[in-house]
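Have a look at the structure below, then the notes.
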Amino acid sequence: MRPRTRPKSFALVGALAAAGALFADHHLQPNQAVQDSLTPDSVLADLKSGNEKYVALQGTGFELGQRREAATEGQYPKAYVLSCVDSRVPVETVFDQSIGDIFVGRVAGNVENEDQLGSMEYAAAVAGIKLIVVMGHEGCGAVKGACDDVKLGNLSSLLQKIRPAVTSVEGYAGKTSKDEAFVNDVIHANVKRTVADLRDRSEVLAGLETEGKIRIVGAFYSLEDGSVTFLDN
Ligand SMILES: [Zn+2]
């Protein structure tokens, strides 16, 4: 018996799958024209809407094959996110982004250093990103370590970079990482401080921001519900 209807059904299923894949990749494929059309505010709105999808557990599937193939032609990313290394903060996923969309710089406690600054300057002045996000997160172990002034090998010097944020919080003396509200205050202070440091220590970034070509913003990631709150700075 010939399965007369099968070829048609398969064709239909194939067409629907292809259409589904196209619709699933709701973000525009990064390219020069798309990047040129972006502004710091439109990229911020894009990240906010991506995060809303993630919070609602409705992150969009991407056509990874298509993205990977396009990536060999060059990159036209829209943002740079400086994040902690914490395994619970998967940056691309949190903002519903894919291959070619964002640069991600990671270091425990999301502090800046010369190498991060150099990477951001490349991203902004050469690769054309429009937005830099410094993102701290709830329950940050590096910040807790800095609150307790932990000493451990090479970690000690890294934690010293967070200490100014600790001592900037009113009434810090005598407080430890056991005080959740205090840790939370330090996480926010650390993000704001890092944002200010980027402007102070990079003429390239400060210049691009003054010209309106990029924006630098702070943010806080909630482990509890996956939401990212952008901070005033
Ligand atoms: Zn952390």
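Assorted remarks:
- The helices (runs of 4 or more DSSP H) falling completely within segment 125-222 that include 3 or more residues that are exposed (fewer than 15 other Cβ atoms within 10 Å of the Cβ) map to 155-168, 180-201, 203-210.
- Residues of segment 104-116 satisfying the condition of being under 19 Å from Pro164 (Cα atoms) and in a helix (DSSP H, G or I): Glu114, Gln116
- Qualifying residue in segment 58-66 (condition: within 27 Å of His188 (Cβ to Cβ), in a loop (DSSP other than H, G, I, E, B), at pLDDT below 95 and more than 16 Å from the ligand (Cβ to nearest atom)): yes
- Close contacts from segment 72-94, counting a first residue that is within 18 Å of Gly128 (Cβ to Cβ) and part of a loop (DSSP other than H, G, I, E, B) and a second that is within 14 Å of the ligand (Cβ to nearest atom) and among the small types (Gly, Ala, Ser), with Cβ to Cβ under 6 Å and a gap of 6+ residues or different chains, come to none at all.
- Of the residues making up segment 110-136, those that are under 21 Å from Thr229 (Cβ atoms), touching a strand residue (DSSP E or B) at 6+ places or on another chain (Cβ under 8 Å) and within 16 Å of the ligand (Cβ to nearest atom) are Asn110, Glu112, Val133, Val134, Met135, Gly136.
The values are calculated or read from the model by the stated rules, or taken from the named source; none is laboratory data. Quick caveat, the model's predicted, so the values are computed rather than measured. Note that each Cβ is placed from the backbone with ideal geometry, even for glycine, and that neighbours are counted across all protein chains shown.
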